[in-house]
1. Do the conditions hold for residue 14, that is, is it surrounded by 17 or more Cβ atoms within 10 Å (Cβ to Cβ) and either in contact with a helix residue (DSSP H, G or I) (Cβ under 9 Å, 6 or more places away or on another chain) or not in a helix (DSSP H, G or I) (or both)?
2. Checking the structure you have, find out if any residue of region 37-54 is touching a residue at least 24 places away in the same chain (Cβ under 8 Å), in a helix (DSSP H, G or I) and surrounded by 11 or more Cβ atoms within 10 Å (Cβ to Cβ).
């Protein structure tokens, strides 16, 4: 969980920049964090945490869509 928190802090820093290289780096980090959270959601033995993981993934998806929009990329 500490690694996820560190990654989220780094993503925030990348998003503050609005430089395309930083935004691309933010997207790579979003992908990495999403993979970790997805594994936790699927492999976790605590059903009460599953909605939290789903919510976190939803927020990451929102970040991805907004960054893609900022970079002029359009999701299908």
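Throughout, read-outs are computed from the coordinates displayed, never taken from laboratory work. Note that the structure is a prediction, hence the values are computed from the model and not measured. With ideal geometry, Cβ positions are generated from the backbone for all residues, glycine too; neighbour counts draw on all protein chains shown.
1. So residue 14 passes the test.
2. There is at least one residue in region 37-54 that is touching a residue at least 24 places away in the same chain (Cβ under 8 Å), in a helix (DSSP H, G or I) and surrounded by 11 or more Cβ atoms within 10 Å (Cβ to Cβ).
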